[in-house]
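Have a look at the structure below, then the notes.
The values are calculated or read from the model by the stated rules, or taken from the named source; none is laboratory data. Not measured: the values here are computed from a predicted model. Because the Cβ atoms are built from the backbone with ideal geometry, glycine has one as well, and the counts that use them run over all protein chains shown.
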Amino acid sequence: MVILDRSMAAYRDPPEGKVREALGRLRDEDDLPVLVGFERSGADHLVTGDRELRGSTPRAVSTRRALELLLGKFE
C-alpha cells in the first residue's frame, strides 16, 4: 500500500469542453473523460483494464504491467 500511495494520484474530471473536443477518439464516449484527464495530468502511465483505452495511448498499461513497473517482474 505504501508503494501505491507514493505512485498514484487521483484528479478531478477534466473540463467538459476538452472532453467534447475528444469526441470520436473512442467508441465508448463514457471513457473520454478518463483519456482526456490522463492526457492533461502529465502522469507517466494510465493503468486500466480497458483494452480500447490501452490502445488509445502508448502510455496506457494493464494492472499487471503497472505492478511489474513498480515491483519488477513476478510470476
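What pairs come up if the first residue lies in region 1-14 and is within 14 Å of LEU46 (Cα to Cα), the second is in a helix (DSSP H, G or I) and at pLDDT 75 or above, and their beta carbons are under 7 Å apart, counting only those six or more places apart or on different chains?
SER7/LEU70; TYR11/GLY37; TYR11/SER41
Please go through region 55-64 and give me each residue that is under 15 Å from PHE38 (Cβ atoms), surrounded by 10 or more Cβ atoms within 10 Å (Cβ to Cβ) and of a type outside the set (Val, Ile, Thr), ordered by number.
Once the filter is applied, which keeps residues that are under 15 Å from PHE38 (Cβ atoms), surrounded by 10 or more Cβ atoms within 10 Å (Cβ to Cβ) and of a type outside the set (Val, Ile, Thr), region 55-64 yields GLY55, SER56, ARG59, ALA60, SER62.
Which of the residues that make up region 26-64 are without any contact (Cβ under 8 Å) to a residue 12 or more places away in the chain and touching a strand residue (DSSP E or B) at 6+ places or on another chain (Cβ under 8 Å)?
ARG54
Output the residues belonging to region 60-75 that are at pLDDT below 95 and either out of contact with any Gly (no Cβ under 9 Å at 6 or more places or on another chain) or of a type in the set (Lys, Arg) (or both).
Listed by number, the residues that qualify are ARG64, ARG65, ALA66, LEU67, GLU68, LEU69, LEU70, LEU71, GLY72, LYS73, PHE74, GLU75.
Could you please find all residues in region 22-75 being among the acidic types (Asp, Glu), touching a helix residue (DSSP H, G or I) at 6+ places or on another chain (Cβ under 8 Å) and farther than 22 Å from SER7 by Cα?
Matches in region 22-75: ASP28, ASP31, GLU52.
Within region 12-54, track down each residue that is part of a loop (DSSP other than H, G, I, E, B), of a type outside the set (Val, Ile, Thr) and surrounded by 12 or more Cβ atoms within 10 Å (Cβ to Cβ).
The answer is PRO14, PRO15, ALA22, ARG25, LEU26, ALA43, HIS45, ASP50.
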